[in-house]
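Read the figures in this text as sums done on the coordinates, not as results from a lab. Computed from a predicted model, the values in this text were never measured in an experiment.
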């Protein structure tokens, strides 16, 4: 069964690169460049994992991660935070994320983190 990945990032080039890499690795991918109605997108798409950029317009990705992780309907979904500012994340806490990847990152590293998080949730299913 194909795993579904939702990517939230307001940088179109990053979205395109992540989408291409994940689709190449046989994931179904949906991208979003705005955090508005993210829970509606999650409800409709039903992702197996969410990738969230830490720096977004209007809200930080850590807050979105926290909202996903503290919502009973979505708390089971693994969330990976990505950011070019790892020190900010370290100083503010991990927001309950399942993994963190610092930009720039190697795409094979990203796929490895995605697979690790997906396998971890399968072990608890």
Completion exercise
Largest fluctuation, 83, 35, 108 only, Gaussian network model of the chain with Cα springs under 10 angstrom, belongs to 108
Completion exercise
One would report the antiparallel percent of DSSP beta bridges in the range 4-119, rounded to the nearest 5, as 5
Fill in the blank from the handout: Read-out P(r) over Cα pairs in 5 Å bins from 0, in percent, candidates (1) 2, 11, 22, 24, 21, 13, 6, 1; (2) 2, 11, 24, 27, 22, 11, 2, 0; (3) 2, 9, 12, 14, 12, 9, 8, 6, 5, 4, 4, 3, 3, 2, 2, 1, 1, 0; calculated match is (2)
Fill in the blank from the handout: Scoring the range 4-119 by relative contact order with C-alpha pairs under 8 Å, at least six apart, yields a percentage of 24
Completion exercise
Contour minus Cα-Cα span, residue 17 to residue 107, at 0.36 nm per residue, comes to 31.5 nm
Problem - Extension gain from residue 4 to residue 26, taking 0.36 nm per residue of separation minus the Cα-Cα distance - result: 7.0 nm
